[in-house]
1. A:PRO90 is checked against (1) within 12 Å of ligand 2 (Cβ to nearest atom); (2) surrounded by 13 or more Cβ atoms within 10 Å (Cβ to Cβ) and fails just one. What number does that condition carry?
2. Which of the residues belonging to segment A:60-75 are more than 8 Å from ligand 1 (Cβ to nearest atom) and of a type in the set (A, V, I, L, M)?
3. What number of residues within segment B:207-225 are exposed (fewer than 12 other Cβ atoms within 10 Å of the Cβ) and either more than 33 Å from the chain's Cα centre (by Cα) or facing chain A (nearest Cβ under 7 Å) (or both)?
4. Filter segment B:371-388 down to residues that are acidic (Asp, Glu) and touching a residue at least 24 places away in the same chain (Cβ under 8 Å), then give me how many there are.
5. Being surrounded by fewer than 19 Cβ atoms within 10 Å (Cβ to Cβ) and charged (D, E, K, R) is true for just one of B:ASP204, B:ASP170. Which residue is that?
6. Would you confirm whether any residue within segment A:61-80 is open to solvent by less than 40 Å² (accessible area, probe 1.4 Å), over 30 Å from B:LEU102 (Cα atoms) and touching a Ser or Thr at 6+ places or on another chain (Cβ under 6 Å)?
7. Here's a check for you: in segment A:4-21, which residue that is open to solvent by 60 Å² or more (accessible area, probe 1.4 Å) and either in contact with an Asp or Glu (Cβ under 6 Å, 6 or more places away or on another chain) or more than 13 Å from chain B (Cβ to nearest Cβ) (or both) is modelled with the lowest pLDDT?
8. Scan (1) away from chain A (no Cβ under 14 Å); (2) free of Cβ contacts under 8 Å to residues at least 24 places away in the same chain; (3) open to solvent by less than 30 Å² (accessible area, probe 1.4 Å) for the single condition B:LYS248 breaks and write down its number.
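The values are calculated or read from the model by the stated rules, or taken from the named source; none is laboratory data. Keep in mind that this is a model prediction, so the values were computed, not measured. With ideal geometry, Cβ positions are generated from the backbone for all residues, glycine too; neighbour counts draw on all protein chains shown. Side chains are part of the model used for accessible areas, which takes the heavy atoms of the whole protein and leaves out ligands, DNA and RNA. Shrake-Rupley method; radii C 1.70, N 1.55, O 1.52, S 1.80 Å.
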Amino acid sequence: MSTWDVSSLDEWKSDRFPLGAVIPESGNSRDYVTGGWRSERPVRDDVTCTQCLICWIMCPDSAINAEDEKVTTFNLAHCKGCGVCANECPADAITMVPEGCDLPEVK
Amino acid sequence: MPTQKTVAATGNTVVAEAMRQCAPDVVAAYPITPQTTIVEEFAAFVAKGRVHTEYVTVESEHSAMSACVGASAAGARVMTATSSQGLALMWEELHIAAGMRLPIVMANANRALSAPINIHCDHSDIMGARDTGWVMLFAETAQEAYDNTIMAVRVAENDDVLLPVMSTLDGFITTHSIDRVELMDDESVSAFVGEYVPKYPLLDLENPVTHGSFAGLDGPFFEFKKAQREAIERSRKVINDVGAEFSKLSGRPFGMIETWGMEDAEVAIIVLGSTAGNVRHVARGLRDAGMKAGVVKVRCFRPFPFAEIAEALLGVKAVAVMDRAESFGAEGGPLFLEVRSALYDSSERMPVIDYIYGLGGSDVKLELIESVYKDLTDIASGVEAPAGLVYLGTR
Ligand code: SF4
Ligand code: SF4
């Protein structure tokens with residue numbers, strides 16, 4: 001999470017903003033929640049899954065969590081529902097299912 | 001005091017020389033007439049080891065400026081050069097360089113834009129870039145092109161500015177004519193420009209930063225633009241200070257405008273770039289014949305010297321603006337619009353006539369300039385000024 005204090009951003013004047021919109025830290029795209037763009041979510045079937053990790057490699061948003069070299073869950077705060085993982089899975093273990101209207105995970 | 005060596009050289013040669021003396025870390029450039037010899041001669045300096053620059057050959061100007069933006073964000077001192085269609089191809093990166101507050105210095109060989117295809121001098125290319133947020137300097141001579149290039153580095157890298165700067169010279173007329181130029185010794189230039197210490201270098205791994213981020217609807221995009229405006233306003237003082245410091249070193253005067261005969265001028269021509277010399281030459285002759293003719297040469301177009309121009313024109317009865325670029329459908333060319341605006345707040349508003357001249361390198365004969373002064377004298381003595389702009393010397 002961000003270490004850059006922007007809590008009073010709304011009161012900032014132009015001279016308070018860092019030069020040229022530089023953010024004085026890196027890796028902050030994790031703070032940018034993109035899961036709300038999704039209309040379908042990936043669902044993995046643990047029985048069919050061979051744990052080849054191809055989906056984990058291919059996900060353009062690094063939104064597939066893995067632990068001990070095994071795929072665990074989808075990071076639904078960042079998964080955009082592109083379906084790349086489902087398409088690439090050699091075991092057809094991922095299905096894309098339509099999202100409902102409320103997205104509790106994103107909040 | 002620096003040692004100065006007098007040489008006979010083209011504008012492009014001395015711009016390449018100035019670039020070598022400023023020792024940029026990175027130059028990314030693509031050749032285009034009439035800028036080519038700048039980057040060609042600079043490439044030769046790199047090949048011979050006379051400057052230690054990472055020279056990036058790219059496949060287009062779009063890539064050239066993109067590479068410059070990346071290198072500058074990484075923390076390098078970056079310089080490049082372009083012209084005409086090349087500058088036009090850089091359009092989106094020009095805004096990015098300014099918005100990211102990257103102090104890139106670029107020479108532009110002023111040239112017409114197609115169509116029809118034309119490789120000769122006018123200011124259509126550079127005027128198309130006037131709202132990109134770059135500081136813009138104009139050179140009359142090869143000497144000024146050399147001086148401006150060196151000063152540009154100091155202006156761009158100044159903490160109060162941190163904006164990219166374009167140092168422009170007129171295609172062929174200044175880029176390719178051999179001129180008398182005084183070059184400073186390497187040590188003096190290097191001491192003058194100093195070392196560049198970047199504020200937020202991407203390559204500082206101890207202090208990682210993010211460049212090129214997003215500022216959307218609720219984001220502070222508006223405030224960043226305001227900060228950019230504040231920076232270019234602050235650059236006025238910096239340009240004058242750097243100019244004064246450089247003048248002391250070089251013995252050559254610098255001002256955002258340069259006036260000739262304006263103390264008691266009744267008629268005056270305002271002009272940018274190489275034509276200023278011809279205008280002065282004509283004015284001198286007319287003065288000898290009794291006409292109170294004056295000249296205002298604009299050396300810095302962005303930020304525009306409104307106050308200086310309004311002050312220089314006090315007491316003048318009729319003014320001609322010479323525009324080497326069109327702004328189709330506007331009331332006049334780009335320089336005219338600025339000058340008329342500068343006079344709005346002035347206590348005196350005299351007739352101002354816009355002359356569009358020299359597009360695509362068409363000849364600026366001395367008789368044409370003389371005819372402008374004659375028109376002005378008539379207008380000053382009560383003859384009605386032409387309604388709308390005048391194309392000077394077209395068939
Ligand atoms: S749907 Fe796309 S974003 Fe989501 S986990 Fe699969 S590959 Fe990643
Ligand atoms: S690609 Fe398919 S089989 Fe391989 S780890 Fe992902 S879900 Fe499992």
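1. All conditions are met except number (2).
2. Residues satisfying the conditions are A:ALA66, A:VAL71.
3. Qualifying residue count for the region: 3.
4. So the count comes out to 1.
5. Exactly one residue qualifies, and that residue is B:ASP204.
6. Among the residues of segment A:61-80, at least one is open to solvent by less than 40 Å² (accessible area, probe 1.4 Å), over 30 Å from B:LEU102 (Cα atoms) and touching a Ser or Thr at 6+ places or on another chain (Cβ under 6 Å), which makes the answer yes.
7. A:TRP4
8. Among (1) away from chain A (no Cβ under 14 Å); (2) free of Cβ contacts under 8 Å to residues at least 24 places away in the same chain; (3) open to solvent by less than 30 Å² (accessible area, probe 1.4 Å), the lone unmet condition for B:LYS248 is (3).
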